[in-house]
Amino acid sequence: MGLFSKVLGGIGEDNGRVVPEKNLAGAEDAGKTAILNAAEEAKAIQETAKEAVKAAEPVETLSEAELKELSDRILATAALSMYCAACDGNISVEEYMEMDINIGSLKGKHKLPAEVNAELDKISADHNITWETVTSYLDRIEPDELMKMSDDIADIMVASDGVNEAEQKCVDQFAKYVRSRV
């Protein structure tokens, strides 16, 4: 039983229209109308939610080259994000959330190949990822894409408690790397 089904408990349907049942028998007409209107709105929200779930299914197909480019960008973002989040010896819940947001926004509705998902799992489990490993992923993407990653990294750095000395060194290291590629 879903949330909206619980909310609508005690209210039935008659030919697609919401109608009161025994628990509404003694309510005033205005109260009945308000409850009926709220129930109809809840039904509409439930239908909208169902449509949103259907819309979230992957629909766009990428070419092999586009999928490789997207996969490389996601892997580079994940590696750099993990490196920066773990550089101070602690990864906060907020930093994990920012990493998920960054990867999710890149991934969008696209289904990644199993080997890319396996590599993402490997990166996310490596809290001791080295700069050399990170650069092996960064080297796969175009310099203009590197510059876009700066905002993602900044979001992670300030997510928990501001930027500390170790995190600032990480930001500086990434900036130096970007300058060397531009």
Test residue 92 against the stated conditions and say whether it is in contact with a Ser or Thr (Cβ under 8 Å, 6 or more places away or on another chain), closer than 30 Å to residue 165 by Cβ and touching a residue at least 12 places away in the same chain (Cβ under 8 Å). yes
Scope the range 127-139; condition loosely packed, with under 15 Cβ neighbours inside 10 Å and in a loop (DSSP other than H, G, I, E, B); matching residues: 127, 128, 130, 139
Expected single match for out of contact with any Pro (no Cβ under 8 Å at 6 or more places or on another chain), in a helix (DSSP H, G or I), at pLDDT 90 or above and open to solvent by 30 Å² or more (accessible area, probe 1.4 Å) among 145, 115, 98 is 115
So, in the range 147-166, of the ones that are without any contact (Cβ under 8 Å) to a residue 60 or more places away in the chain and aliphatic (A, V, I, L, M), which residue ends up farthest from residue 85 (Cα to Cα)? 147
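The values are calculated or read from the model by the stated rules, or taken from the named source; none is laboratory data. This is a predicted model, so every value here is computed, not measured. Heads up, the Cβs are rebuilt from the backbone with ideal geometry, glycines too, and the neighbour counts pull from every protein chain shown. With ligands, DNA and RNA removed, areas are computed over all heavy atoms of the protein, side chains included. Shrake-Rupley method; radii C 1.70, N 1.55, O 1.52, S 1.80 Å.
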